[in-house]
Amino acid sequence: MIRVRGSVSELNSGKRIYKAPKSEAGKRSVAIPNSIMPIVVDHLRQFAEPGADGRVFVGAKGATPRRNHFNGLWHKACAEVGIKGLRFHDLRHTGNTLASYTDANTRELMVRLGQSSTRAALIYQHGSRKREREIADGVDAQIVDALKRRPRSNAEGPGRGKRPLAWAFCIQSGRRESNPRS
């Protein structure tokens, strides 16, 4: 778990201040995926201040890196691994989108990201082609299940009787009438 209790902000004047998160929801503990824990632990050993209250990002001289210097380091690291156009803040969007794919509900996602409003939480969720396919496959499974439960008569065949897709939606919605549009 990583505890989030505050951050260092850099003002336009260059002055840096320690401040609490924007809302109480921002003070939180976040579980880190096990697969990346070795990387996080290695980073904390090499680049962070020791102790539970130590800063996560500390420069070679012990100072918190300035925004423009950190951005330069970030872009250099991205270039070294062949990634173009990725902003550091984009990781927040990626993390929340991946978390949403686990079927976490909106409230759980809000807690994870320290959001106090659903509007703010939804900003950090994005769709993907992979997820769209998973959703279509889930809907397909429901249709197939409904068609398996559908009573069939020998008189029905292609073009006769109820159309299977319309019938499947009637079954799923609990409607039994002959016209699924009524």
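No value in this document is a laboratory result; all are computed from the given coordinates. Every value quoted in this text rests on a predicted model; they were computed, and no experiment measured them.
In nm, what is the difference between 0.36 nm times the number of residues separating residue 118 and residue 103 and their Cα-Cα distance?
3.8 nm
Pull up the cross-link candidates among the lysines for residue 15, meaning alpha carbon to alpha carbon under 28 Å and not fewer than 8 places away within one chain.
Excluding near neighbours in sequence, the set is 27, 61, 76.
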